[in-house]
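The values are calculated or read from the model by the stated rules, or taken from the named source; none is laboratory data. Not measured: the values here are computed from a predicted model. With ideal geometry, Cβ positions are generated from the backbone for all residues, glycine too; neighbour counts draw on all protein chains shown. Ligands, DNA and RNA are excluded from the accessible area calculation, which covers all protein heavy atoms including side chains. Shrake-Rupley method; radii C 1.70, N 1.55, O 1.52, S 1.80 Å.
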Amino acid sequence: MRQSTLLLILFCTFIAHTISAQPRKQVSLFPLNEVELLESPFLKAQQADLRYMLELDADRLLTPFLREAGLTPKAPSYTNWENTGLDGHIGGHYLSALSMMYAATGDKTVKERLDYTISELRRAQQTVGTGFIGGTPGSKQLWAEIKAGNIRASGFGLNDKWVPLYNIHKTYAGLRDAYLHAGSELAKQMLIELTDWMIDITANLTDEQMQDMLRSEHGGLNETFADVAAITGDDKYLTLARRFSHQIILDPLLKDEDRLTGMHANTQIPKVIGFKRVADLTQDAAWDRAADFFWHTVTEHRSVCMGGNSVREHFHPANNFTPMLTDREGPETCNTYNMLRLSEMLYQTSTDPRYMDYCERALYNHILSTEEPDKGGFVYFTSMRSGHYRVYSQPQTSFWCCVGSGLENHTKYGEFIYAHSDDALYVNLFAPSRLTWKERGITLRQETRFPDNGKVTLTIEQASKKNTALNVRYPAWAAGAKVTINGKNYSFNAQVGEYIAIDRKWKKGDVVTIDLPMQVRLEQIPDHQDYYAFMYGPIVLAAVTGTDHLDGLYADDSRGGHIAHGKLMPMQDNSILVGNPENIRSSLVRQPGDALSFVYKGAVHPATDKPLELIPFFRLHNARYAVYFRQADEQQLKAIIEETERVERQAMELAQRTVDLVFCGEQQPESDHNIKFENSKTSIQNDRHFRRAAGWFSYDLKVKEGTATQLMLLTVKNNRVPTAITVNGQLLTAKPVTADASGDKEGLETATYTLPEALQPGTYTVRFAPANGQNTADIYEVRLIK
């Protein structure tokens, strides 16, 4: 079966060449079944993932699909996102994860689970009879409206449904992966029928209607339709892929313009993956450059040290990382999942090691860190706020997007380690593994204790009869690397950022040893504030700051269960490193022992009896932590302390009074609060989102304990547009108390309304409508406070 999988992949590649002279592809990745992970953090993560996915009940994941096909489900649906509108999205991810896990491990139980899931989806597809498979509630009416041209789109909705295009993309991707990775011919047939169904649904829509519909998050549908073109050799699917390419995102990228600020980050990244896939199949140099410009913009200007990006799921201003340092909702795992996919695609058509530099950074520091090593739970937000923590999913309660991508992440580490051209092998990651290059007749074993030790040994276990170039990535963090072949020094001319090339006829038993020196270095936050992270080689180091108040550490099935809602530790309590950057760097000293561990021996404020200890971030779990540390010299210290205490005191006082909070215009916070509206829109001013309406909009806010006595809105200063506000249908008539909220820079103020009576624990609908005017006020935040 593994050999047949490889043949299928090669066949698809051949067919892609018949569509057009396939990309300027310089190298290819190896199929997962040709790379075996050996003992390492990656293998441990893969095994934890396997246990987690087998704990899931396939029948419960299949329930939405059977229900929408008119069949009787075999089990109740899972809760959380799986029964509140995004029903079925995890089922698509599950197909992908099972397919890749089977390819990577050959586990028969996984294959049985995969075959069963495909067969049940096929039963649903045949019952419907149109090619459709999906789990969105009310699918029949939804798609009938779309086909008729009745399109009501918003960022997080389409025809009053929660991102159904995004949802169905997971099914498309799952069927594709079941074919490409696991060799399922049935999945291929189902994929083609589902794609033909989409052609029928959209056939009579104008280009303007298509672009209007694409305002709603739609994942990477353009990529999967391009994949179907590659699989079938039929250009009609490429036409569909182009129709599903969102021009409002593509056009600025074609002009090398960064207009990402304020955008929902993971809505955009899959679109760009699709631009790249279409470019590869059609040799569209402009679309290829657009994807590359996006990659450089995000990785070089909008990402933090561990490779992640976004705050509260949105791109913040590239010149202001303050929200990243202060918010509890830091980089989203799905974003890095997709940035890794884009990196791989760009790498294959360039062999530029910078793409693999990013993959190394993101895999070790973000992806590995997002899986709890014992229970296997997945992380949604990785907060960069010092002193905060992460929340982990549980198999029976948590069905967020980052659970879906998390199931996939830890199946496919083998994709990143090696690549090849016709006559050259590339070693990109330093990870214990065995590569079997069947075409070339080469078996290579990589042994290393990286990152605890920089020594890497490559042993040729089976050799080719032909000369083969061995190209080893020479990362910038390893200046001064040394190479030996069979114990003899090997001289090379490569510079850091290039490949060390060894071209020879290899023999069985040949051993190449690479010594990669690693040193402590400081990496400043991208906007050049005085915040730094410690790196050892490519590894982010972090400090445990406590284990108190880890509320919701293992998530329940509530809509906000993926957020670490526990107490925010005051910023002024965080360690400030006193000195200049060079003194600070040299003050971090590695401790004796095999595993990486460091002690900071420089001056720290506030002073403590216990020294600051740092370990690799990916090994730090179930605790509060610090990744970024503020730096100050003695003269700056007093002023920084006073200003931090003033700002933090105000923020903490408000946070402690806040019962529930909606950031208006931001997709997930609005969805989590059951946004409803008519004739309402969102926009961005001063890099912040707001919502207004000519009709109305409403949110459901919750009082979980205690009472709420006031409603606080963040609005535009001195622009008090009359707005009718009701709470559970009761109109607020009292005049609000206003106060400057953010200074003249943003021009915002708070308007605080005293509620007619205290709100007891429960759910309350807060509704906004115009009062004697055409629109409501611009509302940036809505809070219930005590």
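Restricting to Cα pairs below 8 Å that are 6+ residues apart, what does the relative contact order work out to for the chain? Please round to a whole percent.
It rounds to 11 percent for the chain.
When the distances between all Cα atoms of the chain are binned every 10 Å from zero, what whole-number percent does each bin get?
Calculated over all Cα pairs of the chain, the distribution is 2, 13, 23, 26, 20, 11, 4, 1, 0 percent.
With charges set only on the Cβ (+1 for Lys and Arg, -1 for Asp and Glu), what does the dipole of the chain come to about its Cα centre, in debye to the nearest 20?
900
So with the 1.4 Å probe, I'd like the accessible area per residue for the range 243-305, rounded to whole Å².
Here the residues of the range 243-305 average 31 Å² of exposed surface.
Pick out the long, greasy-scoring helices in the chain: whole DSSP H runs spanning 18 Å or more along their own axis by Cα, mean Kyte-Doolittle at least 0.0.
Span-like helices, by this rule, are 2-19, 89-105, 185-202, 265-282.
Determine the share of the range 96-160's accessible area contributed by carbon and sulfur atoms, expressed in whole percent, with a 1.4 angstrom probe.
Whole-percent figure for carbon plus sulfur exposure: 50.
Over the Cα atoms of the range 686-761, what radius of gyration and what Dmax do you get, in Å?
13.6, 37
What's the carbon and sulfur percent of the range 682-739's accessible surface, probe 1.4 angstrom, rounded to a whole number? Mind showing how you got there, number by number?
Working: 1440 of 3070 Å².
Roughly 47 percent, rounded to a whole number.
How many Å³ per residue does the convex hull of the Cα positions in the range 105-189 occupy?
112
Tell me, what is the per residue accessible area of the range 681-773 in Å², probe radius 1.4 Å? Don't skip to the answer; put the middle values down first.
Values: 4960 Å² over 93 residues.
Counting only protein heavy atoms, the per-residue value for the range 681-773 is 53 Å².
Can you return the aspartates and glutamates within cross-link range of residue 140? Criterion is Cα-Cα under 15 Å, with same-chain partners fewer than 8 residues away left out.
68, 87, 160, 200
Can you report the principal axis dimensions of the range 147-215 using only the alpha carbons, biggest first, rounded to whole angstrom?
Rounded to whole Å, the extents work out to 38, 24, 16 Å.
Express the Stokes-Einstein translational diffusion coefficient of the range 282-423 in µm² s⁻¹, to the nearest whole number, given a Kirkwood radius over alpha-carbon pairs, 10 °C and a viscosity of 1.306 mPa s.
On the way: Rh = 16.0 Å.
Reported coefficient: 99 µm²/s.
Assuming 1.002 mPa s and 20 °C, estimate D for the range 397-481 with Stokes-Einstein, Rh taken as the Kirkwood radius over Cα pairs, in µm²/s.
144
What ranking do 504-511, 183-190, 437-444 get when scored by the average of other Cβ atoms within 10 Å per residue, highest first?
The most tightly packed comes first, giving 183-190, 437-444, 504-511.
Among the aspartates and glutamates, select those whose C-alpha is under 13 Å from the C-alpha of residue 786, and discard any that sit fewer than 8 residues away in the same chain.
Leaving aside aspartates and glutamates fewer than 8 places away in the same chain, those within reach of residue 786 are 653, 660, 705, 757.
Hey, can you find the accessible area per residue of the range 309-435 for me, probe 1.4 Å, expressed in square angstrom? Working shown, then result.
Numbers: 2240 Å² over 127 residues.
Averaged over the residues of the range 309-435, the accessible area is 18 Å².
Sequence neighbours fewer than 8 away in the same chain don't count; with that in mind, list the lysines whose C-alpha is under 26 Å from residue 375.
44, 108, 111, 170, 412, 567
Indicate, rounded to the nearest 5 percent, the antiparallel portion of the DSSP beta bridges found entirely in the chain.
Expressed as a percentage, antiparallel bridges in the chain total about 95.
Can you send over the carbon and sulfur percentage of the accessible area for the range 351-476, probe radius 1.4 Å, protein chains only?
That fraction is 43 percent.
Give me the count of lysine pairs in the range 417-506 whose alpha carbons sit under 19 angstrom apart, restricted to pairs 8 or more positions apart or on different chains.
Step by step, the pairs that qualify in the range 417-506 add up to 8.
Counting only Cα atoms, I'd like the Rg/Rh figure for the range 643-698, Kirkwood definition for Rh.
Numbers: Rg = 14.4 Å, Rh = 13.1 Å.
My calculation of the ratio gives 1.10.
Checking a compactness column here: for the range 639-741, what do you get for Rg(Cα) / (2.2 N^0.38 Å), N being the number of residues?
1.22
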